[in-house]
Structure formats: structure tokens, C-alpha cells
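Participant: Quick one: structure below, then a few questions.
The values are calculated or read from the model by the stated rules, or taken from the named source; none is laboratory data. These numbers come from a predicted model, not from an experiment. Here the Cβ positions follow ideal geometry from the backbone for every residue, glycine too, while neighbour counts run over all protein chains shown.
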Amino acid sequence: MDYLAILRRELAAFGDCLGGDLSAPVEHCGDWTLHDLASHLGNGNTWVVTAIRERRNDYPVTPAPRDSIREWYESTCQELLTALESDPATEAWTFFPPHTAGFWRRRRSLETVVHRWDAEHALGRPGPIDPALAADGIAEVLEVMVPRLVDRGRAEPRKHAVRLVATDTGQSWVLGPDEPVAQLSGASEDLLLGLWGRRELTGQHFTWEGDTYVAQEVLTGPLVP
């Protein structure tokens, strides 16, 4: 997967939203407005630049300017893309293996696509998420986010397993030990948004089979930071 090309596309699409109402509330991000979300994404870009170039994670967050926010945001995007043009095997600070710049290519692509969706949703025009990218994001939640939360004591290890099936790509994943007690099916975009708290997993976008009561306990968060 060409993460740099994906990242350029998704960063630009988010930037296009900054010509809209910056006071628009972002439904799934607490009390944030679109301005707050742009500040978060831009600071995250610069944080990753520090993680790659200086191999540390203590970049100080600075609020985005109230005026010229799009120019500020685009400057952070350029810094990030330049840093990520290095060899993917370049050593970097990361919060989970592998400790390389390549980790950040994937992570920032997936972070940006979810927040691009958030921004467009806040403006009433959410665009689609590429199915292959959404499927990769599902895998990242199960491979990276859930184990990290367990390691940090913020989530309990699952006692049962649930199979997730993407009806558009045909891929499937299992969260939890042993044989799955149930299966949750839906389009890859909907599954990704559900895991990140943007869709109700019991809603109309999904089909359940098996012991749904136990399965919903397995999928009760936190699944992501």
C-alpha cells in the first residue's frame, strides 16, 4: 500500500474542509470544533516529525492560530511528508513496534483518514473511505491499538472472540482468544468507523450472527485511544 500517496490525498482533503465553518462541532470528538480538530491533526503531524528526526515523543503541543489556520496546517503537512520521505526502515520513536519511520507512514495515513471523515461529517458531506485502506485500519485496531491498551492497563484482555467480516473486501479478522462466539459483518468503512466510535455497532450498518450478547461485551471499549 502506497501510504505516502494516501497520506498526501487525505491531508489535502482535510485541508479543503478548513474553508468551511471552523466553529462546526465535531460529533464524535467530545466538545471539539473543526478548528480544534485541525489543531489536533496539525500538532500530531509535528509530533511525528519530532519522533522521526529526534527519536523522542515530547513535542510540546501549541494551539493552532485562529487566523491563517489553513496555512499553518499545510505547513505541518509539508513537514510531515518531508520527514516520511526518509527510508521506511529509519529508526524512530514509536509507541508500538516496529520502531521505524514506516510505522508512522501507516499510522498517520489511518489517523488522517478518520479525521478527514470527521471534518467532512462536521460540514455535512462525509466522503467515502477507500475499502482497502479501511480494511488496513481494522487490522491496525486489532494488531496495535487493542494490545497497546491492554499492555498499559487501560483495557482487560478479552475472554471470548468475535470475528469481523468486511462484506466488500471479503477479509476477516478475529478479536479475542479461541473460536469466535459470534460474527459481525459490514462494509469495511462501517467496521472501521464502528471500531473508532463513529458508528453504533448495533446499528443498521451491521449484521450480527451467534452469541451477540457476549460479542458486544467483547467489543465494548476501549478499543482505541
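Participant: Hey, does segment 174-187 have a residue that's crowded, with 20+ Cβ neighbours inside 10 Å, of a type in the set (Ser, Thr, Tyr) and either without any contact (Cβ under 8 Å) to a residue 12 or more places away in the chain or not assigned by TED's automatic domain parsing to the domain that holds residue 115 (or both)?
Facilitator: Within segment 174-187, none of the residues are crowded, with 20+ Cβ neighbours inside 10 Å, of a type in the set (Ser, Thr, Tyr) and either without any contact (Cβ under 8 Å) to a residue 12 or more places away in the chain or not assigned by TED's automatic domain parsing to the domain that holds residue 115 (or both).
Participant: Let me ask something else. Quick one: which helices (runs of 4 or more DSSP H) sit completely within segment 139-225 and have at least 1 residues that are at pLDDT 95 or above? Step through it out loud before you land on a result.
Facilitator: Working: elements: 146-151, 188-195, 212-218.
The helices (runs of 4 or more DSSP H) meeting that bar are 146-151, 188-195.
Participant: Further question: Considering each residue of segment 2-34, count those that are of a type in the set (Asp, Glu) and touching a Leu at 6+ places or on another chain (Cβ under 8 Å), and give that number.
Facilitator: Residues of segment 2-34 of a type in the set (Asp, Glu): 2, 10, 16, 21, 27, 31.
Now restrict to residues that are touching a Leu at 6+ places or on another chain (Cβ under 8 Å): 21.
Qualifying residue count, segment 2-34: 1.
Participant: Tell me whether segment 105-112 contains one or more residues that are within 24 Å of residue 152 (Cα to Cα), exposed (fewer than 13 other Cβ atoms within 10 Å of the Cβ), among the basic types (Lys, Arg) and in the same structural domain as residue 33 (by TED's automatic domain parsing).
Facilitator: No, segment 105-112 contains no residue that is within 24 Å of residue 152 (Cα to Cα), exposed (fewer than 13 other Cβ atoms within 10 Å of the Cβ), among the basic types (Lys, Arg) and in the same structural domain as residue 33 (by TED's automatic domain parsing).
Participant: Limited to segment 68-98, what total is found for residues that are hydrophobic (A, V, I, L, M, F, W, C) and more than 18 Å from the chain's Cα centre (by Cα)?
Facilitator: Within segment 68-98, residues that are hydrophobic (A, V, I, L, M, F, W, C) and more than 18 Å from the chain's Cα centre (by Cα) number 6.
Participant: Return yes or no: is residue 135 surrounded by 16 or more Cβ atoms within 10 Å (Cβ to Cβ) and either touching a residue at least 40 places away in the same chain (Cβ under 8 Å) or within 14 Å of the chain's Cα centre (by Cα) (or both)?
Facilitator: Numbers: surrounded by 16 or more Cβ atoms within 10 Å (Cβ to Cβ): yes; either touching a residue at least 40 places away in the same chain (Cβ under 8 Å) or within 14 Å of the chain's Cα centre (by Cα) (or both): yes.
When the stated conditions are applied, residue 135 passes them.
Participant: Moving on. Hey, residue 116 hits all of (1) out of contact with any strand residue (DSSP E or B) (no Cβ under 6 Å at 6 or more places or on another chain); (2) closer than 25 Å to residue 104 by Cβ; (3) not assigned by TED's automatic domain parsing to the domain that holds residue 8 but one; which does it fall short on?
Facilitator: Only one criterion is unmet by residue 116, namely (3).
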